[in-house]
Amino acid sequence: MKRYFIAGNWKMYKTVSEAVALASDLVKKLSDCGEKIMIAPPFTALQAVSEVLKGSSIILGAQNMGPEESGAHTGEVSVLMLKDLGVGAVILGHSERRHNYLESDALINTKVKLALKHGLEVILCVGETLEEREGGRLESVLRGQLAEGLRGVESSVLDRVTIAYEPVWAIGTGKTATPEDADAVHAFCRGVLAELYGKEAAKNMVIQYGGSVKPENAAALMAKANIDGALVGGASLKAESFVPIAKFRES
Ligand code: PGA
C-alpha cells in the first residue's frame, strides 16, 4: 500500500511553549497513523520539539538552512547545527524564500547538495506564480526549478529527495489547485524527473502537493495517482486540522 508523506510547515509561528504543546498533541494523536509524518517548527523551537518527538515516528524538519557548513554567515543556521538537534529533513526552495528573500535556483541547489551530503532528507519546493501560469510559462518554470535545483544530485541519493509542487497562487490563499489540475502538473514534474534520472527512478519519487491543503480537500488530492503526500502550511498549525489531513484515509 502506498505510504503518503504528510509534512507540516509551521513557518514563522509558535513560541517554544506553543510548539511543544502542539508537537506533544500530535505525538499522541498520530501514534496510530501509518503515513510518513514530518513537522517543521521554527529554528528556535527545534531543540524543544526534538525532545518531544523522541521515541515517536514523526520526523523533525527544518524550514531552511544556510549554504555552508560554518563560517561568517550572520543570521544563518548550518546543516551541522540542524543535525545536532536531531533534524532529519529540511524544506528548501520554498516559494516564500524564492520570492520574498530572492533565493536563486543556484543557491537552493547548493543547499540541496549540502543537506544530502550530510545525510538529511530534502523537500525541494517548486511552483509557478499566477503570472507565470497565465503567461503559459508553467512548464518552463517547473522544468527550470527541478533541473537547476537537482543539478549534480546523484540518483543514488534520490530516496532522500521529495519534491513539493506548490503553486504560489495557492499558498495561504484558500485557493487550491483542483485535484485534476494538481495531478496533471505532478505528472509533468515526474516526466521532467524521468528525463533527468530515468523512468524507474522518477516513478519512485515522492511528489507532495502544497497550497491550501485542508481536511476537506486532502483525501481528494491524495486519491490522485501522481500525488504522494502534502506539504501543509496554515492547516498544520492546529492538531484539529493537521491530524485529519494526516488521517485522510479515515474521512
Ligand atoms: P498553506 O501553505 O497550506 O498555508 O497554503 C503551504 C506551504 O507554504 O507550504
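The values are calculated or read from the model by the stated rules, or taken from the named source; none is laboratory data. Please read these numbers as outputs of a predicted model, since none were measured by experiment. Neighbour counts are summed over all protein chains in view; Cβ atoms, including those assigned to glycine, are modelled from backbone coordinates with ideal geometry. Protein only, heavy atoms only, side chains kept; ligands, DNA and RNA dropped before computing areas. Shrake-Rupley method; radii C 1.70, N 1.55, O 1.52, S 1.80 Å.
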Index of the failed condition, VAL153 passing every other in (1) of a type in the set (Val, Ile, Thr); (2) open to solvent by 20 Å² or more (accessible area, probe 1.4 Å); (3) out of contact with any Ser or Thr (no Cβ under 9 Å at 6 or more places or on another chain); (4) part of a loop (DSSP other than H, G, I, E, B): (2)
Spot the failing condition for ALA147; the list is (1) more than 16 Å from the chain's Cα centre (by Cα); (2) of a type in the set (A, V, I, L, M, F, W, C); (3) under 25 Å from ILE37 (Cα atoms), and only one is missed. (3)
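If you go through region 6-14 one residue at a time, do you hit one that is in contact (Cβ under 8 Å) with a residue 12 or more places away in the chain and more than 17 Å from LEU231 (Cα to Cα)?
So the first thing to find is which residues in region 6-14 are in contact (Cβ under 8 Å) with a residue 12 or more places away in the chain, and the list is 6-14.
Keeping just the survivors that are more than 17 Å from LEU231 (Cα to Cα) gives 14.
For region 6-14, residues in contact (Cβ under 8 Å) with a residue 12 or more places away in the chain and more than 17 Å from LEU231 (Cα to Cα): present.
Every residue, every condition in (1) modelled with pLDDT of 95 or more; (2) surrounded by 15 or more Cβ atoms within 10 Å (Cβ to Cβ); (3) farther than 15 Å from GLU166 by Cβ; (4) away from the ligand (no atom under 16 Å from the Cβ), yes or no:
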| residue | (1), (2), (3), (4) |
| --- | --- |
| ASN64 | yes, yes, no, no |
| ALA72 | yes, no, yes, yes |
| LEU82 | yes, yes, yes, yes |
| VAL87 | yes, yes, yes, yes |
| SER95 | yes, yes, no, no |
| LEU107 | yes, yes, yes, yes |
Hey, can you tell me all the residues within region 27-70 that are in contact with a strand residue (DSSP E or B) (Cβ under 7 Å, 6 or more places away or on another chain) and basic (Lys, Arg)? LYS36
Is there any pair with a first residue in region 143-155 that is farther than 11 Å from LEU124 by Cβ and a second that is small (Gly, Ala, Ser) and at pLDDT 95 or above whose Cβ atoms are under 9 Å apart and which are 6 or more apart or on different chains, and what are they? ARG151/ALA106; SER155/GLY198; SER155/ALA201
Within region 5-17, the count of residues that are more than 10 Å from the ligand (Cβ to nearest atom), in contact with a Leu (Cβ under 9 Å, 6 or more places away or on another chain) and either open to solvent by 10 Å² or more (accessible area, probe 1.4 Å) or among the basic types (Lys, Arg) (or both) comes to 2
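Could you grab me the full set of residues in region 236-245 that are open to solvent by 10 Å² or more (accessible area, probe 1.4 Å) and small (Gly, Ala, Ser)? Give the steps one after another, and end with the answer.
Of region 236-245, the ones open to solvent by 10 Å² or more (accessible area, probe 1.4 Å) are 237-238, 240-241, 243-244.
If the condition is that a residue be open to solvent by 10 Å² or more (accessible area, probe 1.4 Å) and small (Gly, Ala, Ser), then SER241 is the only one that fits.
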Checked region 166-196 for anything modelled with pLDDT of 95 or more and of a type in the set (A, V, I, L, M, F, W, C); matches are ALA182, ALA184, VAL185, ALA187, PHE188, CYS189, VAL192, LEU193, ALA194, LEU196
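Can GLU128 be described as crowded, with 19+ Cβ neighbours inside 10 Å, modelled with pLDDT of 95 or more and over 16 Å from ARG190 (Cβ atoms)?
yes
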